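> Next up is a structure, given as structure tokens.
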Amino acid sequence: MISVLGITKTFAGGGAGGDGRPLSALEGVSITIQDHEFVSVIGPSGCGKTTLLRILGGLIPPDTGQVVIDGVVVDAPGPDRAMVFQDFALLPWVDLLTNVAFPLEIRKVPKAQREARARAALRLVDLEGFAHYYPRQLSGGMQQRVGLARALAVDPKILLMDEPFGALDAQTRQVLQEELMALWQRDRKTVIFVTHAMDEAVYLSDRVVIMTPRPGRVAEVLEIPLQRPRGPEVRGDPEFARLTARIWERLKALGAAQRPAPPEGGAA
Amino acid sequence: MMRGAARAVRWLYDHAPWVLSLAPAAVAWEAVGRLVPGLPIPPPSAVLAALWTLLQSGLLAEHAGRTSLHLAVGFFLAVAAGLLVGTLMGRSGPAEYLLDLYLNLFLAAPLAALVPLLILLFGLSATSIVATVFLFSFFVVAVNTYTGVREADQRLVEMARSFGASEGLLLRRVILPGALPLILAGIRQAVGRAFNGVILGEMLVSLVGIGGLVMQFGGQFRIDAVLAIVAVIVAASALAIGAVQRLERRLLRWLEP
């Protein structure tokens, strides 16, 4: 179980606006996430959802409040968590196999063993035949499948996904959403999935956390009672449309829609 | 006959452009050298003759060995130290704060003017020559390494940290590979500077090595021999830079589109 307890985070003069004033990214955020749950966090750009994920990952500390995973306070990255990044974050100078094996190399897994595990992870995302390709030789969709394989290679309990499909075109995005669903259905890892796409949040999640604009607070937590496993046909379900509309109404009411969103920088 | 000549020119055009660049100048220089009496600049034929004599007498080979040693020791020390200092500055705030000024000062300073200081420190010895090579080639390696390390892709650094990478692994697998294009460019520049350094050091320190030979012939106004030696230095330097370029192409294959 993951407990996010009253987290507040302010960046000193590091706002995306660049005006040098302290930027309040998160304010009093509390969420509880059960094991095997798929939870999306949605909100306008700059609502601090990426900051929340980085705190969960142990990359930055909160100012106040804490994250507790299975009774242990998070203060650093740990083997129970693996991240998937919006810009894929693949090492351009090594092939896919070495990229996927990299977290295992960090964990000092012997070479033969980590290559076997990396190959197995590449097989999960149907890229086994591309083991010795370089990232630049792949499309964005394929690169993100490598990013996913890298996270799965360490077999984490929790996947932290930061707008993983945000940089992809609509078609590729939909294909990857379906692949992610199929993969998730196998062992139901706990997933925290940051997104700004409403249909994506509904399609994937058990619950959707809707955040307010800056500073980010939890506005509402929406249950997604669609049946599982979910195939592409779920998108045609009237309930799917109703839930998506519901999120849209809520975001609009929060004033997220009218406001021209600043680009979401590293601090947001 | 004409066809054969045309084919030869074509071959040179494709494979050795420098021959076609040099040939007209050499012909003009040769003509001026022969037609204008009393000119202090010997024509290319005289330079080639001097080169032949130098090679045959074994004089050049004898001194080149010593020069290569000075060059290699100074250069590799400079590369190693440059990598170390540059990495330290790129990763550590205090090191960056304290050393940045020195790096900029030395990059702007006329290093040749500092060689007498090295001679005072190390005497008329090989150490002074090696130190001169070091002085000439260290700073470009350090500054390029520093820049490359500092500008590391923060997204990749964050990725590595999220999986719990130690500083050592982060450097080895993420930061230094990312900085490699800049580091190798710095090393390539350092090669040319090291050649300048070794010749200057040898000229000022001693009568040994290629630089010593230049001083010796210069003192005798044997400009033909001096030019022959300069040509040899330029050729050696070009070969060394070419070797680094081949290394760059091999190590940076991942950059190619």
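> Are there any pairs with C-beta distances below 8 angstrom linking a residue in the range B:210-224 that is at positive phi to a residue that is at pLDDT 90 or above, with the two at least 6 apart or on different chains, and if so which?
Between residues of the range B:210-224 that are at positive phi and residues that are at pLDDT 90 or above, there is no close pair.
> Could I ask something else about it? Among the residues of the range A:202-213, are any open to solvent by 10 Å² or more (accessible area, probe 1.4 Å) and closer than 20 Å to A:F165 by Cα? Give the steps one after another, and end with the answer.
The initial filter retains those residues of the range A:202-213 that are open to solvent by 10 Å² or more (accessible area, probe 1.4 Å), namely A:206-207, A:212-213.
With the extra rule that they be closer than 20 Å to A:F165 by Cα, the set shrinks to A:206-207.
Checking the range A:202-213: at least one residue is open to solvent by 10 Å² or more (accessible area, probe 1.4 Å) and closer than 20 Å to A:F165 by Cα.
> Taking the condition of being surrounded by 14 or more Cβ atoms within 10 Å (Cβ to Cβ) and assigned to a loop (DSSP other than H, G, I, E, B), how many residues in the range A:129-138 meet it?
Looking only at that region, the number is 4.
> Another one. If you go through the range A:36-64, how many residues are in contact with a Ser or Thr (Cβ under 9 Å, 6 or more places away or on another chain), open to solvent by 40 Å² or more (accessible area, probe 1.4 Å) and more than 28 Å from A:D199 (Cα to Cα)?
Residues that pass the stated criteria total 2.
> Does any residue of the range A:151-158 turn out to be assigned to a strand (DSSP E or B) and among the hydrophobic types (A, V, I, L, M, F, W, C)? Explain how you work it out, then say what you get.
Residues of the range A:151-158 that are assigned to a strand (DSSP E or B), as a first pass: A:158.
With the extra rule that they be among the hydrophobic types (A, V, I, L, M, F, W, C), the set shrinks to A:158.
The answer is yes; a qualifying residue exists.
> Right, here's the next one. Can you pull out every residue in the range A:214-253 that is crowded, with 21+ Cβ neighbours inside 10 Å and more than 20 Å from the chain's Cα centre (by Cα)?
A:L243
> Next question. Quick one: which of A:V175, A:V100 is among the β-branched types (V, I, T), within 12 Å of chain B (Cβ to nearest Cβ) and either within 19 Å of A:L53 (Cβ to Cβ) or touching a residue at least 12 places away in the same chain (Cβ under 8 Å) (or both)? Reasoning before the result, please.
On the way: A:V175 fails: within 12 Å of chain B (Cβ to nearest Cβ).
Being among the β-branched types (V, I, T), within 12 Å of chain B (Cβ to nearest Cβ) and either within 19 Å of A:L53 (Cβ to Cβ) or touching a residue at least 12 places away in the same chain (Cβ under 8 Å) (or both) holds for just one of A:V175, A:V100, which is A:V100.
> Quick one: what pairs do we get from the range B:16-27, first residue under 20 Å from B:P42 (Cα atoms) and open to solvent by less than 50 Å² (accessible area, probe 1.4 Å), second outside any helix (DSSP H, G or I) and of a type outside the set (D, E, K, R), C-beta under 9 Å, 6+ apart or different chains?
B:A26/B:P43
> Quick test of your reading of the structure: B:I183 fulfils all but one of (1) farther than 26 Å from B:L251 by Cα; (2) open to solvent by less than 20 Å² (accessible area, probe 1.4 Å). Name the failing condition by number.
Of the numbered conditions (1) farther than 26 Å from B:L251 by Cα; (2) open to solvent by less than 20 Å² (accessible area, probe 1.4 Å), the odd one out for B:I183 is (1).
> Still on this model: Could you check the range A:209-235 and list, in sequence order, the residues that are assigned to a strand (DSSP E or B) and touching a Lys or Arg at 6+ places or on another chain (Cβ under 9 Å)?
Just the residues of the range A:209-235 that are assigned to a strand (DSSP E or B), to begin with: A:209-211, A:216, A:218-223.
Scanning the range A:209-235 gives A:V209, A:I210, A:M211, A:G216, A:A219, A:E220, A:V221, A:L222, A:E223.
> Please indicate, with yes or no, whether at least one residue in the range A:109-128 is of a type in the set (D, E), away from chain B (no Cβ under 14 Å), surrounded by fewer than 23 Cβ atoms within 10 Å (Cβ to Cβ) and on the phi > 0 side of the Ramachandran plot. So that I can check it myself, show each step before the final result.
Taking the range A:109-128 first, the residues of a type in the set (D, E) are A:115, A:126, A:128.
Checking which are away from chain B (no Cβ under 14 Å) leaves us with A:115, A:126, A:128.
Imposing the further condition that a residue be surrounded by fewer than 23 Cβ atoms within 10 Å (Cβ to Cβ) reduces the set to A:115, A:126, A:128.
So of that shortlist, the ones also on the phi > 0 side of the Ramachandran plot come out as A:126.
Scanning the range A:109-128, I find at least one residue that is of a type in the set (D, E), away from chain B (no Cβ under 14 Å), surrounded by fewer than 23 Cβ atoms within 10 Å (Cβ to Cβ) and on the phi > 0 side of the Ramachandran plot, so the answer is yes.
> Tell me whether the range A:168-188 contains one or more residues that are open to solvent by 10 Å² or more (accessible area, probe 1.4 Å) and in a strand (DSSP E or B).
no
> Also, quick follow-up: Within the range B:186-220, can you find the residues that are over 19 Å from the mean Cα position of the chain (by Cα) and either of a type outside the set (A, V, I, L, M) or surrounded by fewer than 21 Cβ atoms within 10 Å (Cβ to Cβ) (or both)?
Within the range B:186-220, B:S206, B:L207, B:V208, B:M215, B:Q216, B:F217, B:G218, B:G219, B:Q220 qualify.
> Separate question: Do you know which residues across the range A:42-86 are under 12 Å from the mean Cα position of the chain (by Cα) and within 14 Å of chain B (Cβ to nearest Cβ)?
Step one: filter the range A:42-86 for residues under 12 Å from the mean Cα position of the chain (by Cα), giving A:42, A:49-54, A:56-57, A:81-86.
Correct list: A:T50, A:T51, A:L53, A:R54, A:L56, A:G57, A:R81, A:A82, A:M83, A:V84, A:F85, A:Q86.
> Give me a count of the residues in the range A:189-201 that are surrounded by fewer than 23 Cβ atoms within 10 Å (Cβ to Cβ) and part of a helix (DSSP H, G or I).
Here the count works out to 2.
> If you scan the range B:145-175, which residues turn out to be under 21 Å from B:A95 (Cβ atoms), free of Cβ contacts under 8 Å to residues at least 12 places away in the same chain and either away from chain A (no Cβ under 12 Å) or not in a loop (DSSP other than H, G, I, E, B) (or both)?
Across the range B:145-175, the qualifying residues are B:Q154, B:R161, B:G168, B:L169, B:R172.
The values are calculated or read from the model by the stated rules, or taken from the named source; none is laboratory data. All of these numbers come straight from a predicted model, not from anything done at the bench. Neighbour counts run over all protein chains shown; Cβ positions are idealised from the backbone, glycine included. The area values use the complete protein model at the heavy-atom level, side chains included, leaving out ligands, DNA and RNA. Shrake-Rupley method; radii C 1.70, N 1.55, O 1.52, S 1.80 Å.
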